[in-house]
Every structure is written in C-alpha cells, then in structure tokens.
Amino acid sequence: MLSNYSSSSLKLPIQKQTCIRIQCILEQLVKCFKRPGRFHNAQSRNLVGQFLLTLAAEPFLDHLAKDFNPPTQLVDEHRSKINLVQEYTQRNYYRDIPIAKIVKLAGMSRSHFHAIFKRYSYCTFLEYLYQQRLLQAKNRLEESKSSIDEIALACGFKNMSHFHRSFKKRYHVTPLRYRKIFDKESKNGIT
C-alpha cells in the first residue's frame with residue numbers, strides 16, 4: 001500500500017535507507033489502526049515516536065532549528081546508543097535488567113543516560129521496560145492459552161497484583177477481561 005511512495009515522490013531529500021525505515025514504520029502503523037478494539041494505543045504511540053525520531057535524524061530538517069540542535073554527530077551517537085538500549089530491552093524484557101547494566105551498555109553516566117533516554121523515547125527507561133513487558137503480555141494473552149499468572153511471570157512481572165494494576169492502567173481493562181474480549185472478537189471474525 002505504501003510502496004507507491006518514495007523519497008522522490010514526496011519531494012523530500014530523504015536518504016533511501018531512512019525512506020525504507022519510514023515506510024516500514026508507517027505500514028506497521030496502518031496495520032495497528034486496522035486492528036479493531038482500543039488496545040493499539042501503546043503500540044501506535046511507540047510507532048509514531050519511532051517515525052518522528054527517524055524523520056528528525058534527516059539533514060533536511062537541520063535548517064529549521066540550527067541554533068536549537070546539538071551537532072548532528074552527537075545526535076546520531078545518542079540516537080544509536082538509545083536504539084541499542086531499546087533493542088536490548090525488547091530482546092530481554094522478561095529478565096531483571098539492572099540500570100547499571102543499561103548505563104554501561106549506553107556508555108553514559110547514569111544521569112546523562114536518563115536525560116538522553118527520556119529526550120529520545122518520551123518516557124523513562126523503567127516506563128519503557130514496563131511498556132515492553134505489557135505489550136508482550138497483551139500479545140501472549142491474544143496468542144496463547146497459558147494462565148494469566150504464567151504470562152505475567154514469563155513477561156518479567158514478579159508481583160501479580162502489580163501486573164494486574166499496570167495492565168488495567170495501560171489498557172483500561174483487566175488481563176482476564178482483555179482475553180475474554182479478544183476471544184469473543186476472534187470467534188465473531190472481527191480480528
């Protein structure tokens with residue numbers, strides 16, 4: 001669907017690699033919004049953030065905020081370190097991840113890491129970790145028949161009441177209610 005658009009048809013001087021990345025993000029965003037229900041907020045917010053960060057890295061935006069931006073090399077270095085941390089977190093969300101390990105992975109001081117991570121991710125590292133855990137739990141509720149407690153433990157939650165509270169706060173329903181809604185929609189052919 002989005003393959004009709006390219007950097008040349010948009011008339012923006014976007015690098016080809018960035019154009020491909022943006023296309024993938026937009027396709028994921030379209031799929032996210034085509035899914036029925038109200039449970040796509042976290043994923044869509046994450047995708048929009050990725051889209052904006054990817055677009056912001058492009059040099060054609062430099063003239064809009066010359067005095068506002070740090071040097072491009074520093075921005076690219078920070079972005080690549082934050083991407084590295086995010087990828088590590090997405091692969092290891094189910095484990096205990098000590099902040100000392102993340103800070104070392106990023107090669108920054110603790111306070112600098114927190115500031116940079118929040119600037120690029122629009123949330124703290126701990127919030128990002130919990131978003132990943134909740135997203136994986138939501139996906140497992142949809143895809144597996146494992147018990148809710150087993151799913152919570154598999155996604156890195158050690159305290160079940162914390163998992164239930166966090167899930168309800170994020171998705172506005174309990175995990176059990178979410179599974180029932182999803183199962184009902186699946187049986188009715190809505191998903």
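The values are calculated or read from the model by the stated rules, or taken from the named source; none is laboratory data. Since we're looking at a predicted model, the values are computed, not measured. When we count neighbours, we look across all protein chains shown, and the Cβ atoms used for this are built from the backbone with ideal geometry, even at glycine.
Only one of these is over 25 Å from residue 54 (Cα atoms) and assigned to a loop (DSSP other than H, G, I, E, B): 157, 167. Name it.
On the way: 167 fails: assigned to a loop (DSSP other than H, G, I, E, B).
Just a single option satisfies the conditions, and that option is 157.
Just one residue in the set 180, 184 is surrounded by 13 or more Cβ atoms within 10 Å (Cβ to Cβ), at pLDDT below 95, assigned to a helix (DSSP H, G or I) and out of contact with any strand residue (DSSP E or B) (no Cβ under 9 Å at 6 or more places or on another chain); that residue is 180. Between 185, 127, 142, the distinction of being in contact with a helix residue (DSSP H, G or I) (Cβ under 6 Å, 6 or more places away or on another chain) and within 23 Å of residue 44 (Cα to Cα) belongs to 142 only. What are the residues in the stretch 89-107 that are without any contact (Cβ under 8 Å) to a residue 40 or more places away in the chain, on the phi < 0 side of the Ramachandran plot and surrounded by fewer than 18 Cβ atoms within 10 Å (Cβ to Cβ), if any? Of everything in the stretch 89-107, those that are without any contact (Cβ under 8 Å) to a residue 40 or more places away in the chain, on the phi < 0 side of the Ramachandran plot and surrounded by fewer than 18 Cβ atoms within 10 Å (Cβ to Cβ) turn out to be 91, 92, 98, 99, 100, 101, 104, 105.
Remark: pairs (first residue in the stretch 11-24, closer than 14 Å to residue 53 by Cα and in a loop (DSSP other than H, G, I, E, B); second residue at pLDDT 65 or above and of a type outside the set (Val, Ile, Thr); Cβ separation under 9 Å; 6+ apart in sequence or on different chains) = 14/55. Looking at the structure I just gave you, is residue 99 touching a Lys or Arg at 6+ places or on another chain (Cβ under 8 Å), closer than 18 Å to residue 132 by Cα and outside the structural domain of residue 50 (by TED's automatic domain parsing)? It is true that residue 99 is touching a Lys or Arg at 6+ places or on another chain (Cβ under 8 Å), closer than 18 Å to residue 132 by Cα and outside the structural domain of residue 50 (by TED's automatic domain parsing). Scanning the stretch 157-177 for residues that are surrounded by 15 or more Cβ atoms within 10 Å (Cβ to Cβ) and free of Cβ contacts under 8 Å to residues at least 40 places away in the same chain returns 157, 163, 164, 166, 167, 173, 175. For residue 45, indicate whether it is at pLDDT 70 or above and not polar (S, T, N, Q). In short, yes.
Residue by residue, here is whether (1) surrounded by 15 or more Cβ atoms within 10 Å (Cβ to Cβ); (2) under 18 Å from the mean Cα position of the chain (by Cα); (3) over 30 Å from residue 180 (Cβ atoms) holds:
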site: 82; (1), (2), (3): yes, yes, yes
site: 87; (1), (2), (3): no, yes, yes
site: 109; (1), (2), (3): no, no, yes
site: 124; (1), (2), (3): no, yes, yes
site: 133; (1), (2), (3): yes, yes, no
site: 150; (1), (2), (3): no, no, no
site: 155; (1), (2), (3): yes, yes, no
